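The values are calculated or read from the model by the stated rules, or taken from the named source; none is laboratory data. If you're wondering where the values come from, they're calculated on a predicted model, not measured in any experiment. Glycine gets a Cβ as well: all are built from the backbone with ideal geometry, and neighbour counts include every protein chain shown.
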Amino acid sequence: MLCACSGEQFKFEDAPLSPESLATRDFSASGFSSRTTGDWDTKVEDIQVDEAESTLKEALSLNYEEARALLGRLEYQRGNFDAALQVFQGIDVRSLTPRMTKAIVERTRPRKPRSKGDRGDTMSASVLSLHSVSLLLEAILLKAKSLEELEHCKEAAKECKIILDIVESALPNGMPESIGEDCKLQDMFHKALELLPHLWIKAGFLDEAIIAYRRALVKPWNLDAQKLASVQKDLAATLLYGGVEASLPPQLQVCGPTAPKDNMEEAILLLLILMEKVAYKEIKWDEEIMDHLTYALSISGQFELLAEHVEQALPGTYSRSERWYFLALCYTAAGQNEAALNLLKKAFGHSEAKHKLHIPSFLLGAKLCSQDPKQAQEGLKFSRKVIESDHQYGHFTGDAHKFLGICYGNLARSSVSDSERVVFQKESLNSLNHASLIGNENLEVLFSLGQEHAVQRNLHMAFDNVMMYCDTAVGNSGKGWKLLALILSAEQRLEDAMTIVDFALEEAGKMDQFELLRLKAVLQIAQEQPKQAIETYRLLLAMIQAQRDLHANNFDEAKHYGSDALTERNLEIGAWQDLATIYMKLGSWADAEICTAKAKSIEFYSPSSWYTTGMLLEAQSLHKDALVSFSLSLSIDPDYVPSIVSTAKIMMKFGTQSLPIARSLLMNALRLEPANHDAWMNLGLISKMEGSLRQAADYFQAAYELKKSAPVQSFV
C-alpha cells in the first residue's frame, strides 16, 4: 500500500486508470528489498530513501504518474529491475507527451520584464512544472535502463528515443542556456543522448546508432566539452569499424560538395576536430583519438597528414624516440624513406644515450637501409645495435641478422677492392644463415638467402632456398617465382623458366603480373621468338594503361596507388626500351625510334633511355652521335654500366690511340659490376689488339664462364 511507503495515508488527485493500482500492491520497505539483486546500478543510502519518503509526504498533490516515477526509481536503485519495470509501465507516457512538451515550451520561454503595476505573464495552473517534467523524463530513462539490464535493448532504445523526441519537439533549436544547472531536465536529456546510441549498438542496429550520434551533434544541447568530444569519438569509431555505410542525409549536407561523402571522410573530419581541441587544451589527451585517426588516415593513404598531427602532439605525449619512430613510419608509408631514415638516425644521438634503447626504431632503420644500397654502411650500425641488445630483445635478433646480411651484400656489390668484396660476400652469407637458424619460419630470410646465393652464382643453393620459399609462401610468392625463373635462366634452362613464369602469372597479384609479363617477354627474346615477345609487350603496355585509367577515374583507389606508381612507370619505360631493342635487331629503325621516343616521353632524364638511343644510333653506324647519347646517359648516372661498356666499344673503333681510354672505362665497369661478361669480353678484345694473347685468353675465359651463368635479367 502507498501509505506503507510514506508512513501516512493520502489520496491521489486522480484515480488510477489501470486495474493494477498501487493500492493493490504491497510497497512496504520489506517488499522493496524482496527482489534485491547482488549488483545494483547505484547503491542507495538510507538517507536517500528518507529523502524520497519525505518528498512523498510533502507532495500531497502528487499525481499518480509522478508517484510511480518515484517508486520506480527506488526499485531501480535497489536493483529490482523487474519490479521497477512493472511500476514504470503504469505511467501513460503517450497521454503525457503533449503536456510535457507544452510545459517545456512554456517554462523555458523568455519572460517580459514586469513593469510597475503589471502582474506580468500568467502561467496556467494546468502546465506542469519543470520539476515534474524532469521526474517523468527520469522515469522513462530508468525504464530504458531497466530494459537494458533485462537484455531487451531494442525496446530500451525505443523508450530512450521518446525522451529525445519530447525535448527536441519542444526545443527545435537546441537547449537554451537559460536553463539552470540545478534543473534536472537538462541532465536527464544529456543522459538520454549518451545512452541511446549505445542501446542501438547493443541491439545490433548500427545504422540507428549512427543516426542517434548525429542527432546529439547536430544541435547545441549544452553538452560540456568532454561529453561532446566523447560523442564525436564514439561516432567516429562506429563509422570506422561498424561495417555499415551510412551516408549523410540531405538535411545534414549543409556544406554542399565539400560535405563528407562516406563514413571514412566523416570519421576523419570528426577526429581532426577532436585533435584540434586537444591541441588547444579544450579537452584532455585521449590515446583512442590518435589510434582511430592513425587507422583512418592509414586506410585512406594520407600518411603525410598523419605525420603532421603526430608532430602537433604536445610534449610529453610521446617520448622522443617514440615520436621519431611514429613519424618515420608515416614517411616510410608515404614513400619518403630518406626523410624517415634521417629521423631514425637521431636515435644515435648523445642525448638518447642515457635513455632506454628503442629497438623498433633501430630495426626500422636497418630495414630502410637494406632497401637502399647507398645506405648499406648505416644499415650495419642499425643492425648491430639490435644484435648487441640480444639479451633483452632476442626475438628481434633474427630480423637484425637478416638486414645485416642484406647490407653486407649491398656493400659487396659496390666495393672497389676485390678482397673487400670477398669479405663482404662471406659476411652476407654468414649473417643470413644465422638469421635462418634463429627464425625458422621467417620466409623473407629464405628469399634473401636465395637471392644472395644467386648473385654470387651459387645457383644450386639459390634454387633450393627459393624453391623452399615458394612452397611455403602459398598465394603470395610472385617475387619468389620470378627469382626462381631467373635462376633457371642462369642455368640456361629457358623452357623451364618460361613454364615457371606461366604458372606464376595465374597466382600473382597485379604488380607481380606486370613484372612477370616483362620477364616472359625477355625470355622469349632469349629464345629468339621476337614476334611472341612483341605481343607480350603489347599486352603488358595495355594492362598498365588500363590500370592507370582505373586510378584516374576512381579517387578512392588512387589514394592507395602511391608506391606502385613508380614501379609501374619503370616497367612501362623498360617495355618500350626492350621493344626498341627488338626492332633494332629486326632492322626496323623507324619503329625502334618510335619506341625510344615513347620511353623518353615518360622519363626524359633516364640513363637507360639515352643508352637505348645510343644503341640505335650505333646500329645505324652513327658512332659519333651514339657516343653523344652514351655521354648524356653517363651525365645522368655516371655509374650506369651498360653506357660505360658501350662507350668503351665505340672508343675501340677510333684506333689504337683510344685503347687506353677504353680499357680504363671497362675496368671501371668491372669495379661496379664484376660479373659483367660483356665488359670481360671487350677487355679480351683490347688485349688481343695490343698483342697480349695470354691475357686475352684469360679475359675470354672469364667472359665465357660468366655468360654461361648469366640470368636474362639482373637478380637484384
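Okay, residues lined up against (1) surrounded by fewer than 20 Cβ atoms within 10 Å (Cβ to Cβ); (2) more than 25 Å from Thr397 (Cα to Cα):
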{"position": "Leu443", "(1), (2)": "yes, no"}
{"position": "Ala462", "(1), (2)": "no, no"}
{"position": "Met468", "(1), (2)": "yes, no"}
{"position": "Leu483", "(1), (2)": "no, yes"}
{"position": "Phe514", "(1), (2)": "no, yes"}
{"position": "Thr536", "(1), (2)": "no, yes"}
{"position": "Leu539", "(1), (2)": "yes, yes"}
Please go through (1) modelled with pLDDT under 90; (2) among the β-branched types (Val, Ile, Thr); (3) surrounded by 20 or more Cβ atoms within 10 Å (Cβ to Cβ) for Ile582 and return the number of the only condition it doesn't satisfy. (1)
The lone exception for Phe604 - which of (1) surrounded by fewer than 16 Cβ atoms within 10 Å (Cβ to Cβ); (2) closer than 27 Å to Gln524 by Cβ it fails: (2)
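Residues are listed down the side, and each one gets a yes or a no for (1) of a type outside the set (Gly, Ala, Ser); (2) at pLDDT below 90; (3) within 24 Å of Ala347 (Cβ to Cβ); (4) touching a helix residue (DSSP H, G or I) at 6+ places or on another chain (Cβ under 6 Å):
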{"position": "Lys284", "(1), (2), (3), (4)": "yes, no, no, no"}
{"position": "Glu287", "(1), (2), (3), (4)": "yes, no, yes, no"}
{"position": "Ile299", "(1), (2), (3), (4)": "yes, no, no, no"}
{"position": "Gln302", "(1), (2), (3), (4)": "yes, no, no, no"}
{"position": "Arg320", "(1), (2), (3), (4)": "yes, yes, yes, no"}
{"position": "Leu329", "(1), (2), (3), (4)": "yes, no, yes, no"}
Does the stretch 683-699 contain any residue that is among the charged types (D, E, K, R) and within 17 Å of Gln456 (Cβ to Cβ)? no
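Tell me, please, whether a residue that is closer than 25 Å to Ala333 by Cα and either over 39 Å from the mean Cα position of the chain (by Cα) or not in a helix (DSSP H, G or I) (or both) can be found in the stretch 576-594.
no
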Does at least one position in the stretch 256-263 carry a residue that is of a type in the set (A, V, I, L, M, F, W, C), over 28 Å from Lys191 (Cβ atoms) and within 26 Å of the chain's Cα centre (by Cα)? yes
Restrict the check to the stretch 89-110 and report whether at least one residue is at pLDDT below 85 and outside any helix (DSSP H, G or I). yes
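Listed here are the residues, each with its yes/no results for (1) assigned to a helix (DSSP H, G or I); (2) modelled with pLDDT of 90 or more; (3) within 17 Å of Leu404 (Cβ to Cβ).
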position: Val422; (1), (2), (3): yes, yes, no
position: Asn433; (1), (2), (3): yes, yes, yes
position: Asn440; (1), (2), (3): no, no, no
position: Leu449; (1), (2), (3): yes, yes, yes
position: His460; (1), (2), (3): yes, yes, no
position: Val466; (1), (2), (3): yes, yes, no
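Report, by residue number, each residue of the stretch 619-632 that is part of a helix (DSSP H, G or I) and surrounded by fewer than 18 Cβ atoms within 10 Å (Cβ to Cβ).
Ala619, His623, Lys624, Asp625, Val628, Ser631, Leu632
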Taking the stretch 688-716 and keeping only residues that are closer than 21 Å to Asp418 by Cα and of a type in the set (S, T, N, Q), one is left with Gln695, Gln701, Ser709, Ser714
For the stretch 199-222, how many residues are within 22 Å of Glu149 (Cα to Cα), surrounded by fewer than 17 Cβ atoms within 10 Å (Cβ to Cβ) and in contact with a helix residue (DSSP H, G or I) (Cβ under 7 Å, 6 or more places away or on another chain)? 1
If you go through the stretch 424-431 one residue at a time, do you hit one that is under 32 Å from the mean Cα position of the chain (by Cα) and among the aromatic types (Phe, Trp, Tyr)? no
Lone unmet requirement of (1) assigned to a loop (DSSP other than H, G, I, E, B); (2) modelled with pLDDT of 95 or more for Ala229: (1)
Looking only at the stretch 303-330, count how many residues are buried (at least 18 other Cβ atoms within 10 Å of the Cβ) and closer than 27 Å to Leu239 by Cβ. 9
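Could you grab me the full set of residues in the stretch 78-100 that are more than 12 Å from Lys143 (Cα to Cα) and without any contact (Cβ under 8 Å) to a residue 40 or more places away in the chain? Step through it out loud before you land on a result.
Filtering the stretch 78-100 down to residues more than 12 Å from Lys143 (Cα to Cα) leaves 78-79, 92, 94-100.
Matches in the stretch 78-100: Arg94, Ser95, Pro98, Arg99.
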Those residues that are of a type outside the set (Gly, Ala, Ser) and either surrounded by 20 or more Cβ atoms within 10 Å (Cβ to Cβ) or in a loop (DSSP other than H, G, I, E, B) (or both), I need them from the stretch 131-144; list them, please. Val133, Leu135, Leu136, Leu137, Glu138, Ile140, Leu141, Leu142, Lys143
May I ask you to list the residues in the stretch 273-294 that are part of a helix (DSSP H, G or I) and buried (at least 16 other Cβ atoms within 10 Å of the Cβ)? Leu274, Met275, Lys277, Val278, Ile289, Met290, His292, Leu293, Thr294
Every residue from the stretch 633-663 that is exposed (fewer than 15 other Cβ atoms within 10 Å of the Cβ), among the β-branched types (Val, Ile, Thr) and under 28 Å from Lys374 (Cα atoms): Ile661
What residue, among those in the stretch 685-713 that are without any contact (Cβ under 8 Å) to a residue 12 or more places away in the chain and polar (S, T, N, Q), is surrounded by the fewest Cβ atoms within 10 Å (Cβ to Cβ)? Gln701
Need a quick list: helices (runs of 4 or more DSSP H) entirely within the stretch 147-221 having at least 2 residues that are under 25 Å from Gln86 (Cα atoms) and of a type in the set (D, E, K, R). 153-170, 184-203
